[in-house]
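The values are calculated or read from the model by the stated rules, or taken from the named source; none is laboratory data. Note that the structure is predicted; figures quoted are calculated from it, not measured. So basically every Cβ, Gly included, is an ideal-geometry build from the backbone, and we count neighbours across all protein chains shown.
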Amino acid sequence: MTSLGLTPLSRSFYEPSAELVAPALLGHWLIRNTPEGPCGGPIVEVEAYLVGDPACHGYRGESQRNRAMFGSPGHAYVYLIYGLYFCVNAVCRPKGCAEAVLIRAIEATLGEARMRDRRQVKELPDLTSGPAKLCGALEIDRRLDGADICDAGAPLFIARNPDHKQFLIAKGPMVSTTRVGLTKAANLPLRFYLGASPFVSKRFSGESSKRIRSAR
């Protein structure tokens, strides 16, 4: 247990398919340890990427870029997009399976001042309401690729929210819908978010989304 009173999620948490792990991650805390102190907040939006999924970075096999995806569960996979921005994922399933959960948004709860030093924004939700935004605010880049997110002493980890059930109730309902910004497998309902959180990056309404009740 850390000085914050938060315990990392166990490695076994990440052993199932990313399709199951993704909604189960909602409400738990993404924590970035820095020399200035920890910062982060509860996860409120995620996307799952699966074996056999054309949109998954592991679809065409292992490379230097995606090697962490093929590693053990419970590690970070960090990649660069558009040559400018970083995205962070939690690796799932046993070694060699290449599934992961993209963390799309967190609530900027812990270390807000430190996050604002890295991202100058007017409205608080804009600080971490998107995968590139939260990586900028938490100073996550390729140096954290492969970090052990089950280790509270690592520069990046995911902690169990001791008030998980209450948080889900307060920020629910939990919504399942299609992923954002894809051309391949764009119809798969593999994005999950908490509907009452103002930090969600993009919302769908009507028949394109459905509500789900349970989380791990």
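Here are some notes:
- Flag if ARG142 is under 28 Å from GLY52 (Cα atoms), among the basic types (Lys, Arg) and modelled with pLDDT of 95 or more: yes
- Search result, residues across the range 46-77 that are among the polar types (S, T, N, Q) and loosely packed, with under 15 Cβ neighbours inside 10 Å: SER63, GLN64
- Taking the range 110-124 as the range and being free of Cβ contacts under 8 Å to residues at least 60 places away in the same chain, surrounded by 14 or more Cβ atoms within 10 Å (Cβ to Cβ) and in a loop (DSSP other than H, G, I, E, B) as the test, the residues that pass are ARG119, VAL121.
- Selection over the range 152-175 of residues that are surrounded by fewer than 18 Cβ atoms within 10 Å (Cβ to Cβ) and of a type outside the set (A, V, I, L, M) gives a count of 8.
- Residues that are of a type outside the set (Gly, Ala, Ser) and modelled with pLDDT of 95 or more within the range 195-211 comprise PRO198, PHE199, VAL200, listed in sequence order.
- Odd one out for SER129, checked against (1) out of contact with any strand residue (DSSP E or B) (no Cβ under 7 Å at 6 or more places or on another chain); (2) buried (at least 20 other Cβ atoms within 10 Å of the Cβ): (1)
Matching residues to (1) out of contact with any strand residue (DSSP E or B) (no Cβ under 9 Å at 6 or more places or on another chain); (2) not in a helix (DSSP H, G or I):
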site: LEU20; (1), (2): no, no
site: ILE31; (1), (2): no, yes
site: PRO42; (1), (2): no, yes
site: GLU47; (1), (2): no, yes
site: PRO54; (1), (2): yes, yes
site: SER63; (1), (2): yes, yes
site: MET69; (1), (2): no, no
site: SER72; (1), (2): no, yes
site: CYS87; (1), (2): no, yes
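- Within the range 125-150, restricting attention to residues that are aliphatic (A, V, I, L, M) and not in a loop (DSSP other than H, G, I, E, B), the residue that is nearest to ARG67 (Cα to Cα) is LEU144.
- Qualifying residue in the range 78-85 (condition: outside any loop (DSSP other than H, G, I, E, B) and surrounded by 17 or more Cβ atoms within 10 Å (Cβ to Cβ)): yes
- Residue within the range 47-55 that is of a type outside the set (A, V, I, L, M), in contact with a Pro (Cβ under 7 Å, 6 or more places away or on another chain) and closer than 22 Å to LYS202 by Cβ present: no
- A single member of ASP145, ASP151, ASP117 is over 17 Å from the mean Cα position of the chain (by Cα) and acidic (Asp, Glu), and it is ASP117.
- Checklist (1) farther than 23 Å from SER72 by Cα; (2) in a loop (DSSP other than H, G, I, E, B) applied to GLY153, failing item: (1)
- Restricting attention to the range 25-53, the residues that are of a type in the set (Val, Ile, Thr) and within 8 Å of the chain's Cα centre (by Cα) total 2.
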